[in-house]
């Protein structure tokens, strides 16, 4: 007598034992932040431009999602500073791991809930702010996804590769 195998579908995954462990893994990951071992904030920011096209007119923040518990950011040593006549420019990429399994690929890609792309007058990017120990606002760096997010079910986490881009918000969070 053959034993039937499990058929994979959304309901099977949602009810799986691994999915039930995601909140436990998130509580453990949050300990890094509580202990001060992840002194940064990772966000996905959506902005809109006033003149109906990206880059046209003024920019303002529509939505900002803090990714909690705080994921692990690889060190910034892969970001290189290049000297230009007008100043320093940062280029390169980083990897962010230990992103909660409760997020969806659509959320991490900055898509709408229905999976649609940002509108023509909107822009979505990742932002990492290193919090200063004196309590003041820290430097914010802007990044874009450079590859599709990857979910590792055995470690209950997403990983993303990010590439450094320009157009940081001010320390107070206002677009420049």
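The values are calculated or read from the model by the stated rules, or taken from the named source; none is laboratory data. Because the structure is a prediction, the values reported are computed rather than measured. Reconstructed Cβ throughout: ideal geometry from the backbone, glycine too, with neighbour counts over all protein chains shown.
Listing for the model above:
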| read-out | value |
| --- | --- |
| Count of residues meeting criterion [within 21 Å of residue 159 (Cα to Cα) and in a loop (DSSP other than H, G, I, E, B)] in segment 17-43 | 3 |
| Matching residues in segment 92-142 - criterion: being farther than 14 Å from residue 65 by Cα, in a loop (DSSP other than H, G, I, E, B), out of contact with any helix residue (DSSP H, G or I) (no Cβ under 7 Å at 6 or more places or on another chain) and modelled with pLDDT of 95 or more | none |
| Every residue from segment 111-140 that is surrounded by 13 or more Cβ atoms within 10 Å (Cβ to Cβ) and closer than 24 Å to residue 51 by Cα | 111, 112, 118, 119, 121, 122, 123, 124, 125, 126, 127 |
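A quick yes/no check of all residues on (1) more than 23 Å from residue 127 (Cβ to Cβ); (2) surrounded by 10 or more Cβ atoms within 10 Å (Cβ to Cβ); (3) touching a helix residue (DSSP H, G or I) at 6+ places or on another chain (Cβ under 8 Å):
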position	(1), (2), (3)
4	yes, no, no
9	yes, no, no
16	yes, yes, no
19	yes, yes, yes
26	no, yes, no
30	no, yes, no
38	no, yes, yes
56	no, yes, no
